[in-house]
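Read-outs throughout are calculated quantities, based only on the coordinates presented, and are distinct from any laboratory measurement. Everything numeric here is computed off the predicted structure, so don't read it as measured data. All Cβ positions, even for glycine, are placed from backbone atoms using ideal geometry, and neighbour counts span all protein chains on display.
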Amino acid sequence: MKNVIKLNENTYLIKDVCFCYLLIGKKKALLIDTGIGLKNISKIVKKITDKEIIVVNTHGHIDHIGSNSYFKEVHIHEKDVDVYNFQNSSIFRKYFISKIKFPLSLFAKKLKKPIESNLITIDDTKVFELGDRSIKVIHTPGHTPGSICLLDEGSKTIYGGDTLVPILVLLNLDYSLTPEIFLSSMEKLDNYRDKFEYIYPGHHSTDTKKDIIDNYINAAKDAILKKGELYLDEIGISRVSNYKNVKIFAKVDYSKLKLEDSINLAINDKTQKIVKNIKNTANKTFNSIKEAIDILQNDEKD
Ligand SMILES: [Zn+2]
């Protein structure tokens, strides 16, 4: 299984369109996210462990919930049920398929149908007990209202979903919340700082350093002050606030945009350069998705 990487004795990374993680305890195992659903992740999990599997979604986005239906029950934060239902509706799935590019589009048919899963809602008090391992839910709204991080204090690891993720965080999507709320989520994580050394995010790289929290705190402060360049893509106009190696994409109130901004956005050379920079970031994301798909395809042939 080329898409499975052993991170340590009892923790595995399963590379899908997002990064899924399997944490094996003495009695039970916890699967964090289920990928986009092009592949039955439960089969992969069963090859790794025969322990009872508990499943949790870090949030309700389509690339994290896709194999939910292969499990009897899936945990999700109570504030993300609406996001989940929206992303899982046939109308959103059709829209998503119309937007996706090659090579993911090869699998579009499989993504059309909404998935069925039995959701169990959780809140900030939830701790998953795996026997010798306790995994704590930390509610970190921003990317979505019910986004969570999961703290495994025993192994000093935090699983960041799309909240504590390298390169960029998207606060410009349907249901995303304000930079103010994202900032308080980062400050909340900062309070847990001594309890983890390793950050395993939902995309990009498992080699993520703790200063990502400081960088997001600074980027969020800029986003609150509306410091950052405007950026136009198919989602609409967003404001991008940079700090060191992270970017926050925040929503823009169109009614408050000056005409001058809109003109600049369309014609300015400087903007074109910024768009190019941001496109490079987007390409990095796209390449990591492409890499995941290549692995999935090759794995299929085995
Ligand atoms: Zn997401």
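Values computed for the structure shown
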item: Neighbour cut-off at most 13 other Cβ (10 Å), DSSP loop, trypsin sites (Lys or Arg not before Pro), the stretch 1-77; result: Lys2, Lys26, Lys27, Lys72
item: Loop GluC sites (Glu not before Pro), the stretch 133-237 (other Cβ atoms within 10 Å of the site Cβ: 12 or fewer; DSSP); result: Glu197, Glu234
item: DSSP bridge orientation in the stretch 4-225 - percent antiparallel, rounded to nearest 5; result: 65
item: Inter-site label distance for Glu234 and Glu129 at 7 Å from Cα along Cβ, in nm; result: 4.7
item: Ranked Asp63, Asp123, criterion: other C-beta atoms within 10 Å, fewest first; result: Asp123, Asp63
item: Phi to ³J(HN,Hα) by Karplus 6.51 cos²θ - 1.76 cosθ + 1.60 over the stretch 139-145, Hz, x for Gly, Pro; result: 6, 10, x, x, 4, 9, x
item: Subset of Lys2/Lys210; Lys6/Lys188; Lys6/Lys244; Lys156/Lys209 violating a 19 Å alpha-carbon distance limit; result: Lys2/Lys210; Lys6/Lys188; Lys6/Lys244
item: Listed residue pairs exceeding 20 Å between alpha carbons, taken from Lys195/Lys247; Lys221/Lys251; Lys15/Lys126; Lys221/Lys247; result: Lys195/Lys247; Lys15/Lys126
item: For the stretch 47-55, 3J(HN,Hα) per residue [Karplus equation, 6.51 cos²θ - 1.76 cosθ + 1.60, θ = phi - 60°, Hz, x = Gly/Pro]; result: 6, 8, 9, 9, 5, 4, 9, 9, 10
item: Cβ-Cβ FRET estimate between Lys46 and Ile120, R0 fixed at 25 Å, reported to 0.05; result: 0.75
item: Stretch gain in nm, segment Lys99-Lys112, where the contour uses 0.36 nm per residue and the Cα spacing is subtracted; result: 3.4 nm
item: Calculated FRET value between Glu73 and Asp214, using beta carbons and R₀ = 41 Å, to 0.05; result: 0.65
item: Cut-off under 5 Å, modelled amide H: who pairs with His203 long-range; result: Phe19
item: Rounded Å value of the spacing that divides the Cα centres of the stretch 11-30 and the stretch 155-224; result: 20
item: Ranked list, fewest to most other Cβ atoms within 10 Å of each Cβ, for Leu170, Leu30, Leu164; result: Leu170, Leu30, Leu164
item: Residue-wise HN-Hα coupling along the stretch 201-210, computed from phi with Karplus coefficients 6.51, -1.76, 1.60 (Hz; x: Gly, Pro); result: x, x, 8, 6, 7, 7, 9, 10, 9, 4
item: Local electrostatic count, Glu52, Cβ distance below 12 Å [Lys/Arg +1, Asp/Glu -1]; result: +3
